[in-house]
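Single-structure report; data block below.
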Amino acid sequence: MSDKYAVCGNPIAHSRSPQIHSFFAKTLKDDLTYTTLLVPPGKFKETVDDFVSKGGKGLNITVPCKLEACAYADELSPYAKAAGAVNVLKFNQDGSVFGDNTDGRGFIYDLKRLNLPIRGQKVLLLGAGGAAQGLIKPVFEEQPLEVTIVNRTPQKAEKIAAECGYPLQVTGYEQLTAGYDLVVNCTSTSLRHELPPVPQEVLRHCKVAYDLMYATDEETSFVAEARSLGVPHCIDGLGMLIAQAALTYALWRGKTPDVNLSIEHFRSHA
(Lines give C-alpha, C1' and ligand atoms only; values in the text may rest on other atoms or scores of the structure.)
Protein backbone atom coordinates (compact mmCIF):
# COMPACT_ATOMS: atom_id res chain seq x y z
CA MET A 1 0.00 0.00 0.00
CA SER A 2 1.26 3.49 -0.88
CA ASP A 3 2.31 5.88 1.89
CA LYS A 4 -0.34 8.55 2.42
CA TYR A 5 0.29 12.30 2.53
CA ALA A 6 -1.97 15.34 2.17
CA VAL A 7 -2.25 19.11 2.45
CA CYS A 8 -4.86 20.52 4.82
CA GLY A 9 -6.41 23.95 5.20
CA ASN A 10 -9.49 26.01 4.35
CA PRO A 11 -9.89 26.83 1.47
CA ILE A 12 -7.96 23.95 -0.05
CA ALA A 13 -9.37 23.24 -3.54
CA HIS A 14 -6.93 25.73 -5.12
CA SER A 15 -3.83 23.95 -3.77
CA ARG A 16 -1.30 22.64 -6.25
CA SER A 17 0.52 20.65 -3.60
CA PRO A 18 -0.96 17.31 -4.78
CA GLN A 19 0.33 17.88 -8.31
CA ILE A 20 3.71 19.05 -7.03
CA HIS A 21 4.30 16.11 -4.70
CA SER A 22 3.04 13.67 -7.32
CA PHE A 23 5.56 15.18 -9.75
CA PHE A 24 8.31 14.80 -7.13
CA ALA A 25 7.32 11.16 -6.60
CA LYS A 26 7.31 10.46 -10.33
CA THR A 27 10.74 11.97 -10.90
CA LEU A 28 12.15 10.15 -7.85
CA LYS A 29 10.31 6.89 -8.64
CA ASP A 30 8.52 6.88 -5.26
CA ASP A 31 5.22 5.17 -4.52
CA LEU A 32 2.87 7.44 -2.56
CA THR A 33 -0.54 9.11 -2.61
CA TYR A 34 -1.09 12.79 -1.87
CA THR A 35 -4.53 14.38 -1.47
CA THR A 36 -6.24 17.48 -0.06
CA LEU A 37 -8.05 17.72 3.28
CA LEU A 38 -10.60 20.46 3.91
CA VAL A 39 -10.50 21.44 7.59
CA PRO A 40 -13.90 22.60 8.87
CA PRO A 41 -13.70 25.63 11.20
CA GLY A 42 -12.56 24.56 14.65
CA LYS A 43 -11.94 20.96 13.56
CA PHE A 44 -8.17 20.87 12.95
CA LYS A 45 -7.31 18.30 15.62
CA GLU A 46 -10.18 16.01 14.67
CA THR A 47 -9.24 16.20 10.97
CA VAL A 48 -5.58 15.39 11.62
CA ASP A 49 -6.37 12.63 14.12
CA ASP A 50 -8.60 10.98 11.55
CA PHE A 51 -5.90 11.22 8.87
CA VAL A 52 -3.31 9.65 11.18
CA SER A 53 -5.70 6.88 12.23
CA LYS A 54 -6.02 5.92 8.56
CA GLY A 55 -2.26 5.57 8.15
CA GLY A 56 -1.26 9.10 7.15
CA LYS A 57 2.53 9.66 7.19
CA GLY A 58 2.72 13.42 6.80
CA LEU A 59 0.74 16.62 6.26
CA ASN A 60 1.42 19.96 4.69
CA ILE A 61 -0.42 22.77 6.46
CA THR A 62 -1.78 25.89 4.79
CA VAL A 63 -3.96 28.81 5.92
CA PRO A 64 -5.52 29.12 8.41
CA CYS A 65 -4.13 26.09 10.29
CA LYS A 66 -0.40 26.80 10.76
CA LEU A 67 -0.69 27.99 14.34
CA GLU A 68 -2.87 25.03 15.32
CA ALA A 69 -0.39 22.67 13.69
CA CYS A 70 2.33 24.17 15.87
CA ALA A 71 0.36 23.30 18.99
CA TYR A 72 -0.38 19.80 17.64
CA ALA A 73 3.29 18.81 17.22
CA ASP A 74 5.26 17.11 20.01
CA GLU A 75 8.64 18.36 18.75
CA LEU A 76 9.46 21.47 16.71
CA SER A 77 12.38 22.40 14.45
CA PRO A 78 14.25 25.66 15.20
CA TYR A 79 12.39 27.31 12.30
CA ALA A 80 9.01 26.19 13.59
CA LYS A 81 9.89 27.39 17.09
CA ALA A 82 10.99 30.77 15.76
CA ALA A 83 7.84 31.12 13.67
CA GLY A 84 5.40 29.77 16.21
CA ALA A 85 3.82 28.26 13.10
CA VAL A 86 4.09 24.91 11.34
CA ASN A 87 3.57 24.10 7.67
CA VAL A 88 4.59 20.45 7.75
CA LEU A 89 3.91 17.59 10.15
CA LYS A 90 5.68 14.25 10.13
CA PHE A 91 4.02 11.37 11.96
CA ASN A 92 6.73 9.11 13.35
CA GLN A 93 6.45 5.35 13.87
CA ASP A 94 6.63 5.78 17.65
CA GLY A 95 3.49 7.92 17.57
CA SER A 96 5.25 11.25 18.07
CA VAL A 97 4.63 14.22 15.77
CA PHE A 98 7.43 16.43 14.39
CA GLY A 99 6.61 19.95 13.17
CA ASP A 100 8.74 22.08 10.85
CA ASN A 101 8.36 25.34 8.98
CA THR A 102 9.88 25.30 5.51
CA ASP A 103 8.08 28.39 4.17
CA GLY A 104 10.83 30.90 4.90
CA ARG A 105 13.60 28.73 3.51
CA GLY A 106 11.51 28.15 0.38
CA PHE A 107 11.03 31.91 0.06
CA ILE A 108 14.77 32.57 0.38
CA TYR A 109 15.54 29.82 -2.14
CA ASP A 110 13.22 31.40 -4.69
CA LEU A 111 14.70 34.89 -4.24
CA LYS A 112 18.23 33.53 -4.65
CA ARG A 113 17.13 31.58 -7.71
CA LEU A 114 15.94 34.86 -9.19
CA ASN A 115 19.15 36.69 -8.16
CA LEU A 116 17.26 38.97 -5.79
CA PRO A 117 19.34 39.03 -2.58
CA ILE A 118 17.96 40.36 0.71
CA ARG A 119 21.31 41.37 2.18
CA GLY A 120 21.37 45.13 2.81
CA GLN A 121 17.74 45.59 1.70
CA LYS A 122 14.76 47.16 3.45
CA VAL A 123 12.03 44.53 3.75
CA LEU A 124 8.32 45.08 4.44
CA LEU A 125 6.12 42.17 5.49
CA LEU A 126 2.37 42.71 5.01
CA GLY A 127 0.34 40.80 7.59
CA ALA A 128 1.20 39.19 10.91
CA GLY A 129 -0.21 35.68 10.62
CA GLY A 130 1.57 32.35 10.42
CA ALA A 131 2.91 33.04 6.92
CA ALA A 132 4.72 36.20 8.02
CA GLN A 133 6.01 34.55 11.19
CA GLY A 134 7.53 31.78 9.08
CA LEU A 135 9.66 34.28 7.17
CA ILE A 136 11.22 36.22 10.05
CA LYS A 137 14.10 33.92 11.05
CA PRO A 138 15.15 32.99 7.46
CA VAL A 139 14.92 36.63 6.32
CA PHE A 140 17.05 37.94 9.19
CA GLU A 141 19.60 35.19 8.50
CA GLU A 142 20.15 36.87 5.12
CA GLN A 143 21.30 40.11 6.81
CA PRO A 144 18.77 42.68 5.55
CA LEU A 145 19.26 46.36 6.41
CA GLU A 146 15.92 46.36 8.24
CA VAL A 147 12.66 44.42 8.40
CA THR A 148 9.27 45.97 9.14
CA ILE A 149 5.98 44.18 9.74
CA VAL A 150 2.61 45.84 9.26
CA ASN A 151 -0.80 44.54 10.26
CA ARG A 152 -4.39 45.75 10.51
CA THR A 153 -4.16 44.98 14.24
CA PRO A 154 -0.81 46.48 15.35
CA GLN A 155 -0.93 44.68 18.71
CA LYS A 156 -0.52 41.32 16.95
CA ALA A 157 2.53 42.56 15.06
CA GLU A 158 3.97 44.08 18.24
CA LYS A 159 3.62 40.75 20.03
CA ILE A 160 5.52 38.99 17.24
CA ALA A 161 8.24 41.64 17.31
CA ALA A 162 8.61 41.35 21.08
CA GLU A 163 8.94 37.56 20.96
CA CYS A 164 10.93 36.87 17.78
CA GLY A 165 14.39 37.76 19.09
CA TYR A 166 15.22 39.98 16.10
CA PRO A 167 15.09 43.78 15.64
CA LEU A 168 11.76 43.62 13.83
CA GLN A 169 10.09 47.01 13.39
CA VAL A 170 6.31 47.47 13.58
CA THR A 171 4.04 50.02 11.95
CA GLY A 172 0.43 50.47 10.87
CA TYR A 173 -0.83 50.68 7.30
CA GLU A 174 -1.77 54.33 7.83
CA GLN A 175 1.81 55.19 8.81
CA LEU A 176 3.49 53.46 5.87
CA THR A 177 5.68 55.58 3.60
CA ALA A 178 7.74 54.67 0.53
CA GLY A 179 11.30 53.46 0.89
CA TYR A 180 11.18 49.66 1.01
CA ASP A 181 13.15 47.53 -1.45
CA LEU A 182 11.17 44.31 -1.03
CA VAL A 183 7.45 44.21 -0.18
CA VAL A 184 6.09 40.76 0.68
CA ASN A 185 2.36 40.07 0.78
CA CYS A 186 1.99 37.58 3.64
CA THR A 187 -1.80 38.00 3.81
CA SER A 188 -4.31 35.71 2.13
CA THR A 189 -6.07 38.59 0.32
CA SER A 190 -5.12 37.22 -3.11
CA LEU A 191 -7.18 34.11 -2.45
CA ARG A 192 -10.21 36.44 -2.40
CA HIS A 193 -8.96 38.54 -5.33
CA GLU A 194 -8.50 41.45 -2.94
CA LEU A 195 -5.55 43.65 -1.96
CA PRO A 196 -3.97 44.40 1.41
CA PRO A 197 -4.41 48.09 2.35
CA VAL A 198 -0.83 49.04 1.44
CA PRO A 199 -0.53 52.57 -0.07
CA GLN A 200 0.22 52.56 -3.80
CA GLU A 201 3.23 54.81 -3.20
CA VAL A 202 4.87 52.10 -1.11
CA LEU A 203 4.52 49.57 -3.91
CA ARG A 204 5.36 52.01 -6.68
CA HIS A 205 8.81 52.72 -5.24
CA CYS A 206 9.88 49.19 -4.30
CA LYS A 207 12.15 46.97 -6.38
CA VAL A 208 10.50 43.63 -5.67
CA ALA A 209 6.87 42.80 -4.90
CA TYR A 210 6.43 39.19 -3.79
CA ASP A 211 3.09 37.51 -3.12
CA LEU A 212 3.26 34.35 -1.02
CA MET A 213 0.01 33.29 -2.71
CA TYR A 214 -0.16 32.08 -6.29
CA ALA A 215 -2.80 31.68 -8.97
CA THR A 216 -3.02 28.86 -11.49
CA ASP A 217 -4.61 30.69 -14.40
CA GLU A 218 -3.71 34.37 -13.99
CA GLU A 219 -1.65 36.78 -11.90
CA THR A 220 -2.63 37.23 -8.27
CA SER A 221 -4.34 40.52 -7.45
CA PHE A 222 -1.22 41.72 -5.58
CA VAL A 223 1.17 40.85 -8.41
CA ALA A 224 -1.16 42.49 -10.95
CA GLU A 225 -1.37 45.65 -8.83
CA ALA A 226 2.41 45.82 -8.43
CA ARG A 227 2.97 45.29 -12.15
CA SER A 228 0.48 48.05 -13.01
CA LEU A 229 2.49 50.40 -10.77
CA GLY A 230 5.75 49.63 -12.59
CA VAL A 231 7.49 47.48 -9.98
CA PRO A 232 10.53 45.91 -11.71
CA HIS A 233 10.17 42.42 -10.19
CA CYS A 234 6.64 41.08 -9.52
CA ILE A 235 6.63 37.51 -8.29
CA ASP A 236 3.97 35.09 -7.09
CA GLY A 237 4.55 32.29 -4.60
CA LEU A 238 4.77 29.29 -6.96
CA GLY A 239 8.57 29.09 -6.78
CA MET A 240 8.47 29.38 -3.00
CA LEU A 241 5.71 26.76 -2.86
CA ILE A 242 7.79 24.27 -4.84
CA ALA A 243 11.00 25.01 -2.91
CA GLN A 244 9.33 24.58 0.49
CA ALA A 245 7.55 21.47 -0.79
CA ALA A 246 10.92 19.96 -1.74
CA LEU A 247 12.12 20.52 1.83
CA THR A 248 9.04 18.81 3.23
CA TYR A 249 9.44 15.91 0.80
CA ALA A 250 13.04 15.48 1.96
CA LEU A 251 11.87 15.50 5.59
CA TRP A 252 9.30 12.79 4.89
CA ARG A 253 11.15 10.63 2.39
CA GLY A 254 14.88 11.34 2.80
CA LYS A 255 15.12 12.35 -0.88
CA THR A 256 15.43 15.87 -2.27
CA PRO A 257 13.54 16.68 -5.50
CA ASP A 258 15.03 18.86 -8.25
CA VAL A 259 13.49 22.25 -7.44
CA ASN A 260 14.49 24.11 -10.62
CA LEU A 261 13.23 21.30 -12.85
CA SER A 262 9.94 21.29 -10.94
CA ILE A 263 9.48 25.08 -11.16
CA GLU A 264 10.16 24.94 -14.90
CA HIS A 265 7.62 22.14 -15.29
CA PHE A 266 4.82 23.88 -13.40
CA ARG A 267 5.42 27.28 -14.98
CA SER A 268 5.02 25.65 -18.40
CA HIS A 269 1.93 23.67 -17.32
CA ALA A 270 0.05 26.48 -15.56
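Selection of strands (runs of 3 or more DSSP E) fully inside region 1-101 by the criterion of at least 2 residues being closer than 28 Å to Thr189 by Cα, under 21 Å from the mean Cα position of the chain (by Cα) and in contact (Cβ under 8 Å) with a residue 40 or more places away in the chain returns 3-9, 56-61, 88-91. Name the single residue that is farthest from Ala128 (Cα to Cα) among those in region 143-162 being assigned to a strand (DSSP E or B) and out of contact with any helix residue (DSSP H, G or I) (no Cβ under 8 Å at 6 or more places or on another chain). My answer is Glu146. Is it true that Thr27 is of a type outside the set (A, V, I, L, M) and in contact with a strand residue (DSSP E or B) (Cβ under 8 Å, 6 or more places away or on another chain)? Criteria not met by Thr27. Annotation note: of Gly134, Gly120, Gly127, Gly95, the sole residue that is of a type outside the set (D, E, K, R) and outside the structural domain of Thr177 (by TED's automatic domain parsing) is Gly95.
The condition of being closer than 16 Å to Ile235 by Cα, modelled with pLDDT under 95 and buried (at least 21 other Cβ atoms within 10 Å of the Cβ) holds for only one of Asp110, Asp103, that being Asp103.
Within region 137-170, the residues that satisfy the criterion of being hydrophobic (A, V, I, L, M, F, W, C) and either farther than 20 Å from Lys81 by Cα or not assigned by TED's automatic domain parsing to the domain that holds Tyr210 (or both) are Leu145, Val150, Val170.
For (1) β-branched (Val, Ile, Thr); (2) in contact with a Lys or Arg (Cβ under 8 Å, 6 or more places away or on another chain); (3) buried (at least 21 other Cβ atoms within 10 Å of the Cβ), each residue gets a yes or a no:
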position	(1), (2), (3)
Gln143	no, yes, no
Asn151	no, no, yes
Met213	no, no, yes
Gly237	no, no, yes
Leu247	no, yes, yes
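So which residues in region 245-269 are in contact with an Asp or Glu (Cβ under 9 Å, 6 or more places away or on another chain) and either of a type in the set (Lys, Arg) or over 15 Å from Ser22 (Cα atoms) (or both), if there are any at all? Listed by number, the residues that qualify are Leu251, Arg253, Lys255.
Against the definition (touching a residue at least 12 places away in the same chain (Cβ under 8 Å) and over 21 Å from Ala85 (Cβ atoms)), how does Leu203 come out, yes or no? If you could, list the steps in order and put the result at the bottom.
Numbers: touching a residue at least 12 places away in the same chain (Cβ under 8 Å): yes; over 21 Å from Ala85 (Cβ atoms): yes.
Here the answer is yes, as Leu203 does meet what is asked.
Could we say that Arg267 is modelled with pLDDT under 95 and either in a helix (DSSP H, G or I) or surrounded by 15 or more Cβ atoms within 10 Å (Cβ to Cβ) (or both) here? Spelling it out, Arg267 is indeed modelled with pLDDT under 95 and either in a helix (DSSP H, G or I) or surrounded by 15 or more Cβ atoms within 10 Å (Cβ to Cβ) (or both). Looking across Ala245, Ala224, Ala161, one residue alone is among the aliphatic types (A, V, I, L, M) and in contact with a His (Cβ under 9 Å, 6 or more places away or on another chain). It is Ala245.
Only one of the numbered conditions (1) assigned by TED's automatic domain parsing to the domain that holds Ser53; (2) of a type outside the set (Lys, Arg); (3) in a helix (DSSP H, G or I) is violated by Ile108, and that is (1).
Among the residues of region 76-110, those identified as under 18 Å from Val259 (Cβ atoms) and touching a Ser or Thr at 6+ places or on another chain (Cβ under 8 Å) are Tyr79, Asn87, Val88, Asp100, Asn101, Thr102.
Within the bounds of region 243-258, is there any residue that is in contact (Cβ under 8 Å) with a residue 40 or more places away in the chain, touching a Phe, Trp or Tyr at 6+ places or on another chain (Cβ under 6 Å) and over 30 Å from Arg204 (Cβ atoms)? Looking for residues that are in contact (Cβ under 8 Å) with a residue 40 or more places away in the chain, touching a Phe, Trp or Tyr at 6+ places or on another chain (Cβ under 6 Å) and over 30 Å from Arg204 (Cβ atoms), one finds at least one in region 243-258, hence yes.
If the condition is being in contact with a Ser or Thr (Cβ under 8 Å, 6 or more places away or on another chain) and among the hydroxyl-bearing types (Ser, Thr, Tyr), then region 28-75 contributes Thr33, Tyr34, Thr36, Thr62.
The values are calculated or read from the model by the stated rules, or taken from the named source; none is laboratory data. In this text the structure is predicted, and so the values were computed from the model without any measurement. Neighbour counts run over all protein chains shown; Cβ positions are idealised from the backbone, glycine included.
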